[in-house]
Amino acid sequence: MALTAYCSATNVAKPDLAQALRAADTIVVARVVSGNARTSPAGASGEVLLRVVRVIEGEVTAGSQIEIKTQGSRFFIPGPASKMPNSWAVEHFTALWFLRRQGVQYTVIPVTSGAGDPERASLLLPEDSSPVSHPNRVHRAVAEEIIATLRTMATTHRNEIKPVYNVQMINGQVHRSYGFGNYAAKALQLSEALATLGDQPTLHAVYRELASDQAGYLRAMGIAGLIAANDPAGPKLAAVELRNLLREAYLSPIAMSLMGYRNPEDSEAILALGRIATEFTDLDMPMLQKSAARALNALHTKETLPTLIALLDSEDAEVGGLALNGICLFVRNGPIVTPQSIPSGSWRQSREPAPFRTKETDAYCWMNPLPASWAPPEYKAFWKTWWQAHSQEVMR
C-alpha cells in the first residue's frame, strides 16, 4: 500500500532539514529492503531494513544493511476511520534518512517533525541520482542529493512536472487556472525541504546555480530562492524569465517569495518589481501582481513611486489599496514594512526628513493597506495630481 495515497495536506507538517541535521549523527541515502509499519490512536511506528546507497555522515558503509526504527505521530486519512490501515508492509523506496545510532540499531530523526511512519519520517527521493560531486560539508552534501534528484526528474519527467492548465466556462465567463500533477507535487516537496536546510550561505550558493539551470523548473526554483534571500538578482531574473517559465514551471513559489522581498539597495531590482506588477497581468496569475505590489508597498522608495501611481488604476482593489498606502508611506518617510513591525505598528511612523509631507498630504493619507474601494474616490485623484506636480522633484 502506497502511503502517499492517504496523506492529507490538512494534517501534514512541512519538512525541517535543519532540525534533522542538528539531531542526527548518521545521514545516508538508502533503499528500503523490507519493513512493516503500524498505526493506532496513540501514533505510528515502523521497523525497516535499509540497504545503504551512499553515506553522507556516520560510521556505516555503502552496500551495508542497517535496521532502523521510527516512532511518532500517525498520518491522517480523510474519510471513514475504517479505511485507515492498522499495519502495512513498507514499500521499497529510496530516501534520505537522518538517523541516531543506539547500539546496533538506528532511530530515525524524522524530517517531518514528529512523523512516526517511515514514509513521512524520511525524505523521499523519487529518482535516485548520484550527485556529480560529493562535498565534504554535510549541508552541501544533503543539498546536492536533493538537487541531483530534481535534475533527473526535470529530464525524465519533464512533461509531468509542467503545470496543468485548465480553462472553464462558469456563468458565461472564462476562468483559467493551473495546478500540478503527481511528479510536480513530489518535486515541490523536495524544493520546500531544501529551503529548510538552515545553512544560508550554502542555500544561497545553490539557488544562484539553479537560477541559470537549463531546466525551467529548476530555474524557477532558483529564482524564488534568490528573491527569498533578498538577492537583487532574484527580481531581475524573474522579470526576464516569467513569460518563458509560464508553461515550464510552477510559479507560485516565485510569487510567494516576491511578497517578502525587502532589499531597498538595488534600484534596478525595484524597477524589476515594477515590471512584474504591471507587465504580466495577461498571465492570469493575479498573485504575481499582488505579491510585487506588496513588496513595492513595503519598500516605498522613490523608485517604487512610478509603479505605485500606475497601480492606483489596478482592477484589483487590494493592489490599489497597497499602492495608496505605499505612496503615503513614502511621503511620511516611513520605515520599511517588515513582519516584525506590523504587530507593534512601528511601520506607521513618520520620520524626518519628510520634505513632501504637508497637512494636505496627511488629509489624503491612506494609512491602512485595505482595498482601494474602501477609500473615497478623491484619494486616488489627489495622488495622481500630486504626482504630476512633484514627480520630477521626487525622482531627482
- Query: Tally time: how many residues in segment 328-342 are under 28 Å from the mean Cα position of the chain (by Cα) and either of a type in the set (A, V, I, L, M, F, W, C) or surrounded by fewer than 16 Cβ atoms within 10 Å (Cβ to Cβ) (or both)?
  - Reply: 7
- Note on the structure: The residue that is farthest from PHE98 (Cα to Cα), considering only those in segment 1-47 that are surrounded by 13 or more Cβ atoms within 10 Å (Cβ to Cβ) and at pLDDT below 80, is TYR6
- Task: Inspect all residues belonging to segment 206-222 and state whether any of them is in a helix (DSSP H, G or I) and surrounded by fewer than 18 Cβ atoms within 10 Å (Cβ to Cβ).
- Result: yes
- How many of the residues making up segment 322-348 are more than 19 Å from TYR261 (Cβ to Cβ) and either touching a Ser or Thr at 6+ places or on another chain (Cβ under 9 Å) or not in a loop (DSSP other than H, G, I, E, B) (or both)? 9
- Message: Regarding segment 302-319, can at least one residue be identified that is in a loop (DSSP other than H, G, I, E, B), in the same structural domain as LEU245 (by TED's automatic domain parsing) and more than 22 Å from the chain's Cα centre (by Cα)?
- Response: no
- Message: Anything in segment 259-302 that is among the polar types (S, T, N, Q) and either buried (at least 22 other Cβ atoms within 10 Å of the Cβ) or over 21 Å from SER391 (Cα atoms) (or both)? List them, or say none.
- Response: ASN263, THR281, GLN289, SER291, ASN297
- Message: So, in segment 343-360, how many residues would count as being more than 37 Å from the chain's Cα centre (by Cα) and among the acidic types (Asp, Glu)?
- Response: 1
- Item | Complete set of residues in segment 337-396 that are farther than 13 Å from ALA323 by Cα and among the charged types (D, E, K, R) | ARG348, ARG351, GLU352, ARG357, LYS359, GLU360, ASP362, GLU378, GLU393, ARG396
- Query: Residues PRO355, PRO369: which one is in a loop (DSSP other than H, G, I, E, B) and at pLDDT 95 or above?
  - Reply: PRO355
- Task: Look at segment 223-248 and say how many of its residues are in a loop (DSSP other than H, G, I, E, B) and within 13 Å of the chain's Cα centre (by Cα).
- Result: 1
- Filter result (crowded, with 19+ Cβ neighbours inside 10 Å, of a type in the set (A, V, I, L, M, F, W, C), out of contact with any strand residue (DSSP E or B) (no Cβ under 6 Å at 6 or more places or on another chain) and over 15 Å from ALA185 (Cβ atoms)) within segment 127-163: VAL142, ALA143, ILE146, ILE147, ALA148
- Message: Restricting to segment 236-295, and then to whatever is modelled with pLDDT of 95 or more and β-branched (Val, Ile, Thr), can you tell me which residue is farthest from VAL167 (Cα to Cα)?
- Response: ILE270
- Log entry, pairs with first residue in segment 346-362 being over 16 Å from HIS390 (Cβ atoms) and assigned by TED's automatic domain parsing to the domain that holds LEU324, second being at pLDDT below 95 and outside any loop (DSSP other than H, G, I, E, B), beta carbons closer than 6 Å, six or more apart or on different chains, reads TRP347/SER341
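Out of all the residues in segment 249-264, which are over 13 Å from PHE180 (Cβ atoms), among the hydroxyl-bearing types (Ser, Thr, Tyr) and in a loop (DSSP other than H, G, I, E, B)?
At the first step, the residues of segment 249-264 found to be over 13 Å from PHE180 (Cβ atoms) are 254-264.
Applying the additional criterion that residues be among the hydroxyl-bearing types (Ser, Thr, Tyr) yields 257, 261.
Within segment 249-264, just TYR261 meets the criteria.
The values are calculated or read from the model by the stated rules, or taken from the named source; none is laboratory data. The model shown is predicted, which means the values in this text are computed figures rather than measured ones. Cβ coordinates were reconstructed from backbone atoms using ideal geometry, including for glycine residues, and neighbour counts include every protein chain displayed.
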